[in-house]
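A.B. asks: Sharing a structure below in structure tokens format, with a few things to ask.
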Amino acid sequence: MKKQRGFVFRCTGCGHEDPKWLGRCPECGEWNTLVETPVAASFTSGRSGGAKGIPPQSFPLSSIDPQEGKRISSGIGELDRVLGGGIMKRSAILVGGEPGIGKSTLLLQAAAAAVTKGRILYVSGEESAGQVRMRADRLGIGGEGIEICCTGRLPEIETILEAVKPVIIMVDSAQTLHTDEAGLVPGTVNQMKYCSWELISWTKEHDAALFLTAHVTKEGIISGPKTLEHMVDTVLYFEQAASGGNDGDSRFLRAAKNRFGSVDEIGIFTMGEKGLQAVADPSLLFLVHREGGLPPGTVIAAVLEGSRPLLVEIQALAVPAKGSMSRVFSDRIDSARVSRVAATLEKHLNLRLSDHDLYINVAGGIRITEVGVELALALALYSARTGIPLPSGTAVAGELSLAGELRPIRRLAGRIKAARSLGFEDFLGPIDSSAEAGTFAETAGLRAVGDLKSAITTLFK
Ligand code: TYD
Ligand code: MG
């Protein structure tokens, strides 16, 4: 057993503890930040989370009130969808995104629209009360039931929490939180973790819900917010559609982690004069409106985003390879999937693609990870390579096997319905006799084919 020592060397920046003094903290890389600290006062041994002074207890599972799992609607349908059906009480939600993407706007709009009789506390460590008021005016928010305080100091926030007893707490942003208890240097990861943890504990003890915003940079997710991810229940990322879409102002809200729902759902918004607006028909964002027919290399795919069918335009370009090795350029659809579909085409249709560089894009800049996109991908590559356009008015969906067969996909009838509602009369998809495929009426208008070869002869005859 290690001998109990009276002190450790603790980094004032990140809270890292070391038994010996070091010039540079091995955790955060800061110089001269390790100071001798009595073990009793050290961060990790001093607090192990949870309520203070209460002996630990266990409960029979059956005695737990199921009402604890109740959800509050945020009043914003797209946000509720991504959260898994509303804001779960006692949950902590991290909203990450680049500066200017709309995190503060989303939180303020949710504060105004949330369906609750309780009070909502909006804590802004970045903007003054006047700035928040101006934003609220712009959004047409009166602000009844919303309390605001402009500070990042944890002790002040805690005092206000006890006075207001809010049901929803919005903290904008986690990076501005600080307290003297968590080290001398403000703005460090340790400060953010310590303060966020205190707020999360308060939230759980008081049956409230907590939203925390966090900035992430373009280069990727910086270490700060990443360290919060395991502390919260839900992590949402707000991202902008890549340029080149129909509407540069569209934004996607995705769940990267969700203890209370799936992470497949996305929320789609546009940022306008009056703040964030839900997009009623997302397909309109991703379809390119053209006079005349489709150019070669473009195909309309009916894919699923979470539980929602979406029509997107897949674009392919095949040009003779510039190097001795051909390459795949595709950042919206996994390049491995593109290579596999290209290999399947090459093998089963004798279409030479391996000496071509392949470029794949999805109009509107949305990332597609669903298998149902594979048939569209194959047809786009075929059309791009041969120069033969697809007939317009046709939407397609299906998964491809390596043997070139077309495999059944989830929610075929839903996809057909979505396509028809947008004016696509013709639908090409897999043969599916399962009950999930829908009744005959629902799938009427489907041209069902069993493999890639017959899909191509059907469309390009
Ligand atoms: P904001 O919510 O401040 O972003 P974040 O908190 O993620 O940094 O949103 C900022 C951007 O949104 C800013 O460029 C202005 C724009 N905006 C609108 O276009 N319309 C609006 O109604 C509002 C409130 C903001
Ligand atoms: Mg902001």
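A.B. asks: Checking V95 against (1) assigned to a strand (DSSP E or B); (2) within 16 Å of ligand 2 (Cβ to nearest atom); (3) open to solvent by 20 Å² or more (accessible area, probe 1.4 Å), which test does it fail?
C.D. replies: (3)
A.B. asks: Give the residue that is surrounded by the most Cβ atoms within 10 Å (Cβ to Cβ), with candidates limited to residues of segment 111-145 that are within 16 Å of ligand 2 (Cβ to nearest atom) and of a type in the set (S, T, Y).
C.D. replies: Y122
A.B. asks: I'm trying to understand the selection: among the residues of segment 258-275, which are more than 15 Å from the chain's Cα centre (by Cα), in a strand (DSSP E or B) and not polar (S, T, N, Q)?
C.D. replies: Step one: filter segment 258-275 for residues more than 15 Å from the chain's Cα centre (by Cα), giving 270-275.
Now narrow it down to the ones that are in a strand (DSSP E or B): 270-272, 275.
Result: M271, G272, G275.
A.B. asks: Let me ask another. Looking at E144, E127 in this structure, which one is within 16 Å of ligand 1 (Cβ to nearest atom) and farther than 20 Å from V232 by Cα?
C.D. replies: Values: E144 fails: within 16 Å of ligand 1 (Cβ to nearest atom).
Step by step, each of E144, E127 is checked, and only E127 is within 16 Å of ligand 1 (Cβ to nearest atom) and farther than 20 Å from V232 by Cα.
A.B. asks: Within segment 110-119, does at least one residue satisfy the condition of being under 19 Å from the mean Cα position of the chain (by Cα), touching a residue at least 60 places away in the same chain (Cβ under 8 Å) and farther than 22 Å from T159 by Cβ? So that I can check it myself, show each step before the final result.
C.D. replies: First pass over segment 110-119, keeping only residues under 19 Å from the mean Cα position of the chain (by Cα): 110.
Then keep just the ones that are touching a residue at least 60 places away in the same chain (Cβ under 8 Å); that gives 110.
Subset that is farther than 22 Å from T159 by Cβ: 110.
Yes.
A.B. asks: Considering only residues that are assigned to a helix (DSSP H, G or I), within 26 Å of V115 (Cα to Cα) and either touching a Ser or Thr at 6+ places or on another chain (Cβ under 8 Å) or within 16 Å of ligand 2 (Cβ to nearest atom) (or both), which ones fall in segment 167-197?
C.D. replies: Listed by number, the list holds a single entry, A174.
A.B. asks: Checking the condition among the acidic types (D, E), touching a strand residue (DSSP E or B) at 6+ places or on another chain (Cβ under 9 Å) and not in a strand (DSSP E or B), which residue from E144, E156 passes?
C.D. replies: Details: E144 fails: touching a strand residue (DSSP E or B) at 6+ places or on another chain (Cβ under 9 Å).
The unique qualifying residue is E156.
Here's the yes/no breakdown for (1) crowded, with 23+ Cβ neighbours inside 10 Å; (2) within 34 Å of the chain's Cα centre (by Cα); (3) in a loop (DSSP other than H, G, I, E, B):
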residue	(1), (2), (3)
V373	yes, yes, no
L381	yes, yes, no
I416	yes, yes, no
G423	no, yes, yes
K453	no, no, no
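The values are calculated or read from the model by the stated rules, or taken from the named source; none is laboratory data. Fair warning: this is a prediction, and the values are worked out from it, not measured in the lab. All Cβ positions, glycine included, derive from the backbone under ideal geometry; neighbour counts span all protein chains shown. The accessibility values were calculated without ligands, DNA or RNA, using every heavy atom of the protein model including side chains. Shrake-Rupley method; radii C 1.70, N 1.55, O 1.52, S 1.80 Å.
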